[in-house]
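Inspection log for the structure reproduced underneath, given as structure tokens.
The values are calculated or read from the model by the stated rules, or taken from the named source; none is laboratory data. These numbers were taken from a predicted model, which means no experiment stands behind them. When we count neighbours, we look across all protein chains shown, and the Cβ atoms used for this are built from the backbone with ideal geometry, even at glycine. Ligands, DNA and RNA are excluded from the accessible area calculation, which covers all protein heavy atoms including side chains. Shrake-Rupley method; radii C 1.70, N 1.55, O 1.52, S 1.80 Å.
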Amino acid sequence: MMNVYPKRAPNAAFRVLGGEAIVMNPLDSSLFSLNETAAAIWRAADGCRSLAQIVDSEVCGQFDVDPETALREATEFAEALAVHDILILLPEAETEVLPWRP
Amino acid sequence: MSVCIAIGGISIRVECTDVRFLHELRLHYAGYLAPGDGADSLVLLVEPSSPPLQSPDADLEVRLAGGIWVIKRGDFHAEWEPGCGRGVARLVPNRYSLDSILRIIHSLELARTGQGLLLHAASAVRDGRAFLFCGPSGAGKTTMSRLAPAGVRLLTDEISYLRRAPNGTGFDAWGTPFAGELARPGENIVAPLSSLYFLRQAGENRIDPLAAPEALRLVLKNTLFFAHDSALVPRVLELAHSLCGSVEVAQLSFAPDVRVWNLIR
């Protein structure tokens, strides 16, 4: 799991407000509220960086959390969103960065 | 034969051969009948059907198939062509079924055009400004409506109708015939929306601001939107976001007594 490359589903609708994010699944309109940590991962999920890299730079570098816990929780979060098809977990990095279109 | 029902500035001409059903509709939607023949209206052809098409308890399904919205529930089957504003509905002739279809068509048209939203909310006009009281069943929408003092004009106790204001600033709240426990339609008037309150029953009357993410989440959670469509979802999100940015959005804790209306100004 450490080497997956998370990527926001290109058709997911979302807004980032005050550091948190609201994501809507376009397939069934279900809603997801992301706290600041989760929103930081969401923002960085461009398909080019591994989850471990994102956790290292966007979570451990910004929030007071130990790396092991951060990676475990980020993995659970990524897997949960992937189940709903709003986050894609790629086995390899993409060469083109997913544009940020909130 | 037909009856033209105008809600939120959008009129839908319901055509049907069942004279008794049309009479029932004219009575129920009396405050919402459009003058004239509704030549510019959207058109819904109603084909009466006896016994339910499937189990009356079947879940509502709204899906896009070949550019046509298919809207199904146990008591009706409708198809709506958004591009040309025409549709056909087979249903057991009763106004409750038609009411549901109209709500869905309006919600789809508003989302498609990016003009507005329907919310699970009571709404009322006081001193020329509209206030919404939002929440699921049991939250207190009808209670707030019943507690409204003289001079307050009720738009609905169940489904509120919001459209972007024509001048581009904020949203207007329109009256609707979509009634809840109050069992009577709202007044067919429109007013600029001032505040949107999420109801919480409590031992005191108080207004607390909501953080932006929570406000947006609650608006979306209470939006009538049944369609699973990747084109409309971003528009609904944009409308909800725009709504939250244009009016006061807060939590209204209320004890069920008339003094709560002292806060609504």
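A few comments on the model shown:
- Between A and B, buried accessible area from a 1.4 angstrom probe totals roughly 1300 Å², ignoring ligands, DNA and RNA.
- Nitroxide proxy distance, nm - points 7 Å out along Cα→Cβ at B:ARG146 and B:ALA231: 4.5
- Taking a ≥ b ≥ c as the square roots of the Cα gyration tensor eigenvalues, the protein assembly as shown comes out oblate, since a/c reaches at least 1.5 and a/b does not exceed b/c.
- In degrees, nearest ten, helix B:19-28 long axis to first principal axis of chain B (Cα): 10
- If R0 is 41 Å, the Cβ-Cβ spacing of B:ARG153 and A:ASP85 corresponds to a FRET efficiency of close to 0.35.
- CD proxy at 222 nm, helix term only [per DSSP H run n ≥ 4: -39500 (n - 2.57); per residue of the protein assembly as shown; nearest 500]: -7500 deg cm²/dmol
- Taking every DSSP beta bridge that has both ends in chain B, the antiparallel portion is near 70%.
- Pairs of C-alpha atoms in chain B farther apart than 22 Å represent 55 percent of all such pairs.
- Net length gained if the chain between B:VAL19 and B:GLU248 were fully extended (0.36 nm per residue, minus Cα distance): 77.9 nm
- Antiparallel bridge percentage (DSSP; both residues within the protein assembly as shown; nearest 5): 75
- For chain A, the set of GluC sites (Glu not before Pro) satisfying both a DSSP loop assignment and a count of at most 13 other C-beta atoms within 10 Å is given as A:GLU92, A:GLU96.
- Rounded to the nearest 20 debye, the dipole size of the stretch B:7-156 about its Cα centre is 540 debye, using +1 on the Cβ of Lys and Arg and -1 on the Cβ of Asp and Glu.
- Net charge in the neighbourhood of A:LEU98 (other residues with Cβ under 13 Å of its Cβ; Lys, Arg +1, Asp, Glu -1) is +2.
- Share of carbon and sulfur in the accessible area of chain B stands at 50%, probe radius 1.4 Å.
- Each Lys and Arg contributes +1 and each Asp and Glu -1, all at the Cβ; summed about the Cα centre of chain A, the dipole is approximately 380 debye.
- Neighbourhood charge, 11 Å Cβ-Cβ cut-off, centred on A:SER29 and excluding it, Lys, Arg +1 and Asp, Glu -1: -1
- Cut-off 20 Å (backbone N to label point 7 Å along Cα→Cβ of B:MET1), residues of the stretch B:60-101: B:88-99
- This model, with +1 at the C-beta of Lys and Arg and -1 at the C-beta of Asp and Glu, gives the protein assembly as shown a dipole about its Cα centre of some 1360 debye.
- Near-label residues of the stretch A:1-35 by backbone N, under 11 Å of a point 7 Å along Cα→Cβ of A:VAL65: A:35
- Cut-off of 10 Å, at most 14 other beta carbons, DSSP loop: longest stretch of chain A lacking such chymotrypsin sites (Phe, Trp or Tyr not before Pro): A:1-62
- Förster radius 25 Å - calculated FRET efficiency between B:ASP59 and A:ASN11, Cβ distance, rounded to 0.05: 0.55
- Each 10 Å bin from 0 upward holds the following percent of the Cα-Cα pairs of the stretch B:89-231: 11, 41, 36, 10, 1.
- In the stretch B:217-238, burial by the other protein chains removes 30 Å² or more of accessible area from B:ARG217, B:LEU220, B:HIS228, B:SER230, B:VAL233, B:LEU237, compared with the chain on its own (1.4 Å probe, ligands and nucleic acids ignored).
- When the alpha-carbon atoms of the stretch B:1-143 are used, the pair Rg, Dmax equals 15.8, 47 angstrom.
- Inter-site label distance for A:SER57 and B:ARG265 at 7 Å from Cα along Cβ, in nm: 5.4
- The mean accessible area for residues of the stretch B:138-195, using a 1.4 Å probe and ignoring ligands and nucleic acids, is 40 Å² per residue.
- 25 Å Cα-Cα reach of B:LYS221 towards lysines, excluding residues that sit fewer than 8 places from it in its own chain: B:LYS72, B:LYS141
- Using a probe of 1.4 angstrom and keeping all protein chains present, the accessible surface of the stretch B:1-135 works out to 42 square angstrom per residue.
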